[in-house]
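The values are calculated or read from the model by the stated rules, or taken from the named source; none is laboratory data. Because the structure is predicted, anything quoted here is derived from the model rather than measured. Cβ coordinates were reconstructed from backbone atoms using ideal geometry, including for glycine residues, and neighbour counts include every protein chain displayed. Only protein heavy atoms, including side chains, enter the accessible area calculation; ligands, DNA and RNA are left aside. Shrake-Rupley method; radii C 1.70, N 1.55, O 1.52, S 1.80 Å.
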Amino acid sequence: MPGVRRRNFGGNLKIQAAAAYTPTGEQDVLRILDLHSGDRIRTIGWLHSSSEAAVTDGVLLDLKRLDQVEVCGDGDDTVAVVGAGCRIERLLGELDRQAACTLASLGLITEQTIAGAISTGTHGSGCSSMSHFVEAVRLARYDPASGKAFIEEITEGAELMAARCSLGSMGVILAVRIRCRANYNIEEHFAEYRRLSDVLSAESSFPRQQFYLIPWRWSYFAQHRREDARPRSPVAWLYRLYCLLAIDVALHLMVLFFVRVLRSRRLIRFAFRRLVSSFIIRNWKVSDRSASMLVMKHELFRHIEIELFVRRERLADALQYSQEVIELAGGGRSALSSDNRSRLEELRMQDALAELRGRYCHHYPICVRRVACDDTLISMAAGEGADWYSLSFISYARLGNRDGFFLFADLMAASMSRLFGARPHWGKICPLDAAQLESLYPRFADFRAICKRLDPAGVFRNRWTAALLDGEEGASET
Ligand SMILES: Cc1cc2nc3c(=O)[nH]c(=O)nc-3n(C[C@H](O)[C@H](O)[C@H](O)COP(=O)(O)OP(=O)(O)OC[C@H]3O[C@@H](n4cnc5c(N)ncnc54)[C@H](O)[C@@H]3O)c2cc1C
């Protein structure tokens, strides 16, 4: 099939592949791989990543036709074998229909494919990321001896830990076997707090909660969530309607109006100080199915995001630092606190900070989610020990007006990785270079060794993952 041009969700990347295929099944994937032996191959999901994870100028495979779902076992012992191109939305529907079960972990949206979601460590709040629950990965790659494409199943050890989050660089994922759990309900309500410590101490009562630091108001809106054995609330449908109309649509339209039409820093600051909170109904407690409660329609309006993961002990400091940088960038203060100023001086980043000053007015609640450790090599929550917290910074600026956001994202990633060991999400804006990224993951060398063993010729690497996996040598390749 001739080449195609595609754009990702965020609109920041154009993909111009030399050839593109939508295989009909596993044997078709093998046929295409044999046809393109020696060429660079990249498999895409729904192109919701805004890092370069899915970019290619080689051969592009879209596995959307491999979307079967087979469920076995029952209750919390259920596992599902899922075709790589199956979207999460369809998977949830099938799990419910076939076995009254669901996924243990969910991101904010259900647009992604299962293979795409696990390949960048997609996560929600209050448990490990989706990758953690993967029990086996069915992979197509080349046999180094014969050069022929073949299929293998990865079921254990470090190879499974690598395959659970592999940035598309171990081969073509054909299917995954993922642990599921019986359907369950989540009770949710919103509350506003002035102090982070109050939000965090509520975690013991609401282990699935996430919270938002509202810029320019500088208060916290906690979305308190816990599992609930009671049936769905009778008004769950009304709550869903409220979330859709008031939050997913009206609140976002207001943000778009201030950011894209009015474009006034003063008015954006005013909107976040005074107006945003009026969209949130406090203390309305509602229980609903987890698959409805844990997600939102965040895909309705194009945006771009950087998300940084820090350990719990760095969270308060990281949020205070973020607030100061945002205030300085958006014209709300003239200098950082003396502690943070000296930190940036030590990192020699004063110039980057000076360049950002007055250039970017942050205009979206900073979502903070707790992610338990993953049994993986390089997902953002990989490793053992204290939980991770992800801080997300989203911009709704128009495509041509994102320079300020990129300056902000560069500074935040570069400084927070060094100050707080912050790891950027692999599927979102990821401005660190290979050496910086590698230094954040103790088991990165193991991941690299496994990728090289499974794909010695590097045909499943794109320019970005080649730079990560091959160092300088990869960075110069196309
Ligand atoms: C609106 C929106 C909301 C989001 N919400 C969240 C969230 O709540 N939590 C979170 O963690 N992330 C979130 N994300 C990020 C998103 O989950 C990830 O970027 C995810 O990787 C996208 O999946 P995809 O199917 O679009 O894959 P793509 O973006 O197309 O690809 C991602 C990676 O997977 C690889 N890949 C895909 N399919 C295969 C395959 N079959 N074999 C081998 N490699 C493959 C690609 O090569 C690429 O490296 C969100 C993104 C958007 C746009």
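Quick notes on this one:
- The one condition in (1) among the hydrophobic types (A, V, I, L, M, F, W, C); (2) open to solvent by 20 Å² or more (accessible area, probe 1.4 Å); (3) more than 27 Å from Ala145 (Cβ to Cβ) that Leu35 fails to fulfil: (3)
- For the stretch 7-31, the tally of residues that are surrounded by fewer than 22 Cβ atoms within 10 Å (Cβ to Cβ), in a helix (DSSP H, G or I) and within 13 Å of the ligand (Cβ to nearest atom) stands at 1.
- Annotation: Leu47 fulfils all but one of (1) within 8 Å of the ligand (Cβ to nearest atom); (2) open to solvent by 20 Å² or more (accessible area, probe 1.4 Å); the unmet one is (2).
- Answer from Leu336, Leu267, Leu328, Leu262 - the residue that is within 28 Å of the chain's Cα centre (by Cα) and not aromatic (Phe, Trp, Tyr): Leu328
- Some residue of the stretch 236-249 being touching a Cys at 6+ places or on another chain (Cβ under 9 Å) and open to solvent by less than 70 Å² (accessible area, probe 1.4 Å): no
- Summed over the stretch 67-87, the residues that are open to solvent by 20 Å² or more (accessible area, probe 1.4 Å) and either on the phi < 0 side of the Ramachandran plot or at pLDDT 95 or above (or both) give a count of 11.
- Residue within the stretch 14-35 that is within 23 Å of Asn401 (Cα to Cα) and in contact (Cβ under 8 Å) with a residue 60 or more places away in the chain present: no
- From the list Cys86, Cys101, the lone residue that is within 16 Å of the ligand (Cβ to nearest atom), touching a residue at least 12 places away in the same chain (Cβ under 8 Å) and of a type outside the set (S, T, N, Q) is Cys86.
- Asp228 vs. criteria more than 27 Å from Ser379 (Cβ to Cβ) and crowded, with 18+ Cβ neighbours inside 10 Å: yes
- For the condition within 21 Å of the chain's Cα centre (by Cα), within 30 Å of Gly147 (Cβ to Cβ) and of a type outside the set (D, E, K, R), Phe406 does not qualify.
- Taking the stretch 367-396 as the range and being of a type in the set (Gly, Ala, Ser) and either open to solvent by less than 10 Å² (accessible area, probe 1.4 Å) or more than 24 Å from Tyr220 (Cα to Cα) (or both) as the test, the residues that pass are Ser379, Ala381, Ala382, Gly383, Gly385, Ser390, Ser392, Ser395.
- Residue under evaluation Thr155, criteria (1) more than 9 Å from the ligand (Cβ to nearest atom); (2) among the β-branched types (Val, Ile, Thr); (3) within 16 Å of the chain's Cα centre (by Cα), criterion not met: (3)
- Leading residue by the ranking (surrounded by the most Cβ atoms within 10 Å (Cβ to Cβ)) among those in the stretch 157-190 that are assigned to a strand (DSSP E or B) and not hydrophobic (A, V, I, L, M, F, W, C): Glu188
- Which listed residue, of Tyr441, Tyr389, is in contact (Cβ under 8 Å) with a residue 12 or more places away in the chain and closer than 24 Å to Leu328 by Cβ: Tyr389
- Selection of first residues in the stretch 142-163 that are free of Cβ contacts under 8 Å to residues at least 12 places away in the same chain and of second residues that are open to solvent by 50 Å² or more (accessible area, probe 1.4 Å) and hydrophobic (A, V, I, L, M, F, W, C), restricted to Cβ pairs under 7 Å at least 6 apart or on distinct chains, gives the following pairs, ordered by first then second residue: Asp143/Phe150.
- Candidate set: the stretch 53-77, residues that are more than 9 Å from the ligand (Cβ to nearest atom) and of a type in the set (Gly, Ala, Ser); chosen: the one nearest to Ala434 (Cα to Cα): Gly58
- Total residues in the stretch 414-432, condition more than 16 Å from the ligand (Cβ to nearest atom) and either within 15 Å of the chain's Cα centre (by Cα) or among the polar types (S, T, N, Q) (or both): 2
- Each residue in the stretch 289-323 was checked for being open to solvent by less than 20 Å² (accessible area, probe 1.4 Å) and part of a helix (DSSP H, G or I), and 7 pass.
- Residues in the stretch 104-147 that are in a loop (DSSP other than H, G, I, E, B), among the small types (Gly, Ala, Ser) and within 12 Å of the ligand (Cβ to nearest atom): 7 in all.
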